[in-house]
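The values are calculated or read from the model by the stated rules, or taken from the named source; none is laboratory data. What you are looking at is a predicted structure, and each value in this text was computed from that prediction instead of being measured. With ideal geometry, Cβ positions are generated from the backbone for all residues, glycine too; neighbour counts draw on all protein chains shown. The accessibility values were calculated without ligands, DNA or RNA, using every heavy atom of the protein model including side chains. Shrake-Rupley method; radii C 1.70, N 1.55, O 1.52, S 1.80 Å.
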Amino acid sequence: MNEQPRRIMLPRHFVRKCRQFLFKKKVADSTGVEMTGGSLLMRTLIFRRILRRNGVGGNEQFVGVLVPPSAGGVLANTAITMMRKVPVNLNYTVNSETLNYCIDQCGIRHVLTSRKFMERFDFKLNAELLYLEDLRDQVSTADKLAGILGAYVFPAAVLERWLGLHKCQWDDLSTMVYPSGSTCTPKGVMLTHSNIGSNVASIEDTLRLGEGDTVCGILPLFHSMGYTIGIWAVLGTDVKGAYHFSPLEPKVIGKLCRDHDITIMVSTPTFLRSYMRRCTKEDFATLDLVVTGAEKLPTDLLEAFEEQFGIRPMEGYGTTELSPVVAANLPPNRAPGGSVECQRVGTVGRPILGVHAKVIDVDTEEELGMDEPGMLLIRGPNVMKGYYKMPEQTAKVMRDGWYVTGDMAMIDADGFIHITGRLSRFSKIGGEMVPHIRIEESLQRLLAEDEEQLAVAVTAVPDERKGERLIVLHLPTKKTPSEIVQSLTAEGLPNLWIPGKDCFFEVDEIPVLGTGKFDLRALREMAMDRVAGGSAANR
C-alpha cells in the first residue's frame, strides 16, 4: 500500500466539491430535505451571513452545535467552518453540568440548536442559544443574492479568497471533540485540518469511495466518527450523505436506505442487532459496505447479519484522538486489487493508508514482535494536536509522535490488528494483567436471558493484599455466586480471573454512555459503593 497519504484542506475542498456537484444531490435527510452541491453552498453562505449578524465572530474561536445528524447539522458545521471558526458538536446524551464544563473550558459563547430538539431536553446552558428556526426567518433578499452569487457565479478561487479560506493552515483546528467521560472529566480533543483532511483522504483511497456511493449518516455529530465520516467524508469526496437523527430507529433507517440507495453504513454491533429485528432485506438491498466499531463484532452476529441481508459486516477500529479511523477490514470489491487478504475475522483489519501501528510492553515500553500482546501505539497524520489546555494529559498519551491508545492488542504476521482489551479494563492482580472483557464474555453467556441483553459488567476496586479486586455487577438472576463461580471454573478460566463469591452485586441497570459503551466511571463508583456497604447479592 502507498505509505504517503494525501491530505485535503477541507474548507477549500468543500467549495470545489459543491461546484463539482452543482446540480447533483449531495445531502438529504429523513425529513425530506435534499440539497445539491450548489444549494448546500448557497445555504452555507447565507447561514454564514446570518450568524455574523447575530454576533458570532470576532475573537470567538469556538462555536457550539447541539443538533443531531441531519441536513441542518451539516449546514451548521459548514457555516461555522466557512467563518474560519471551530465547530464544537456538543454531546446531548450527558447532563447540563457536563455540557457547561465543555462550554466553559473552551469559552463557547454561542450554541446553535433547534427549538424542536431542545424541547426534548431540559438543558440549562452557560451560552447564548441561537435557534435554527429563528435564523431561517431572518433570511433577507440581500442574503439570498449573496448566496446565489457565491455559489453559482463567482469563480471558486475568488470565493475562497473572499471567505479567507486561502489563509487556512494545516495546523488550524477543524473541530474540538469532547468524548463521553467514561473514566474521567471529558477532555477537549483538538483535531486539525491536517488530521481530518488526511483521514478523509485515506478513507477515500482505502475504501475506494466514488460517486455511486451514499453514506448513511446516523452516528451523532459529537462523535468523531460522525463528524469525520458523516460530514467531511461526504463533503470532501464524491459521495452523497443521507441522515437521520438517531441510530435507534430501525424502521426509519431502513426506509432511508431504500429511498436514497445507501451503499455505506458505519454502525455498532448493538445497532446491527436491532436492525436485524426490524429491517427487511429489501431495506438494505443497496448496501455494499457495513463497518462496525466501538465494540467487538461477535462472529455469530457477523454470520447472522450476512445470512439475513446478504452483506458481511466488517470490523474496524479508531479513537477520537486519531480523527478517528485507524484500521478496517475490507470486502474484496473495496480492497486494492480486489484482494481477499484484506479481511480477517476476529481482527479490526490493517491500518489505513499512512497510519502505522506497533505494540509495546506495558512495563518496559520496549517494542514487541508479531503475535506478542501489549499496548497499541499509533502514528500518522491523523494523530490529534493534543488535549485543549491540558499539556500534562497530552504528554501522558504521546510518545515521540506515537499516540498511546490505552488498548491492548497484538499484530500478526500479515499486519492485522487483534484488540485484546483496554488497559483501563484490565486489573493487575498478583503481578498479572487480568482482562475484564474476557471475564464479561463468559459471564454474559451464563447470565443473559438472551444474547441482546446487557446483563453484566466487570470492574475493580483497590485491594490491600492483591492490589485490585474484581467486582461483578449484574442484573437480577436466579443463579447464586457459588454456581456462577463453579461455571467459570468449568469453562477453564484461570483462578486469578475468577471473582470471589463475595464480589457479585446485583444492580437494577448496567450504566452505559450514549455511545453504547460501558460508563466505566459510573461502574467503578457503583462498585465502590456496594463494597463499602457490604451488600453482596445472593451471598
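Regarding segment 19-27, can at least one residue be identified that is out of contact with any helix residue (DSSP H, G or I) (no Cβ under 8 Å at 6 or more places or on another chain), of a type outside the set (Gly, Ala, Ser) and in a helix (DSSP H, G or I)? For segment 19-27, residues out of contact with any helix residue (DSSP H, G or I) (no Cβ under 8 Å at 6 or more places or on another chain), of a type outside the set (Gly, Ala, Ser) and in a helix (DSSP H, G or I): absent.
The set of residues in segment 51-75 being in a helix (DSSP H, G or I) and either surrounded by fewer than 21 Cβ atoms within 10 Å (Cβ to Cβ) or in contact with a Pro (Cβ under 7 Å, 6 or more places away or on another chain) (or both) consists of ARG52, ARG53. In segment 271-285, the condition of being touching an Asp or Glu at 6+ places or on another chain (Cβ under 7 Å), closer than 18 Å to ARG312 by Cα and surrounded by fewer than 24 Cβ atoms within 10 Å (Cβ to Cβ) is met by at least one residue. Looking only at segment 324-350, residues that are under 14 Å from MET410 (Cβ atoms) and outside any loop (DSSP other than H, G, I, E, B) come to 2 in all.
Cβ-Cβ distance below 6 Å, separation of 6 or more or different chains: which pairs start in segment 279-304 with a residue that is farther than 18 Å from VAL326 by Cβ and assigned to a loop (DSSP other than H, G, I, E, B) and end on one that is among the aromatic types (Phe, Trp, Tyr) and open to solvent by less than 50 Å² (accessible area, probe 1.4 Å)? Pairs that qualify, where the first residue is farther than 18 Å from VAL326 by Cβ and assigned to a loop (DSSP other than H, G, I, E, B) and the partner is among the aromatic types (Phe, Trp, Tyr) and open to solvent by less than 50 Å² (accessible area, probe 1.4 Å), are LYS281/PHE309; PHE284/PHE309. From the list GLY212, GLY236, the lone residue that is in contact (Cβ under 8 Å) with a residue 40 or more places away in the chain, more than 18 Å from the chain's Cα centre (by Cα) and farther than 30 Å from SER114 by Cα is GLY212.
Results for (1) open to solvent by 10 Å² or more (accessible area, probe 1.4 Å); (2) closer than 19 Å to ARG334 by Cα, shown as yes or no for each residue.
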residue: MET190; (1), (2): yes, no
residue: SER202; (1), (2): no, yes
residue: HIS223; (1), (2): yes, no
residue: TYR227; (1), (2): no, no
residue: ILE231; (1), (2): no, no
residue: PHE245; (1), (2): yes, no
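Condition check ((1) closer than 20 Å to VAL291 by Cα; (2) touching a Gly at 6+ places or on another chain (Cβ under 8 Å); (3) at pLDDT 95 or above; (4) not in a loop (DSSP other than H, G, I, E, B)) across all residues:
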| site | (1), (2), (3), (4) |
| --- | --- |
| LEU159 | no, yes, yes, yes |
| TRP170 | no, yes, yes, no |
| SER182 | no, no, no, no |
| THR185 | no, no, no, no |
| LEU191 | no, no, yes, yes |
| ASN199 | yes, no, yes, yes |
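Checking GLY492, GLY514 one by one, the residue that is over 30 Å from LEU219 (Cβ atoms) and either modelled with pLDDT of 80 or more or outside any helix (DSSP H, G or I) (or both) is GLY492 and no other. Can you pull out every residue in segment 45-98 that is in contact (Cβ under 8 Å) with a residue 40 or more places away in the chain and hydroxyl-bearing (Ser, Thr, Tyr)? Across segment 45-98, the qualifying residues are SER70, THR78, THR81, TYR92, THR93, THR98.
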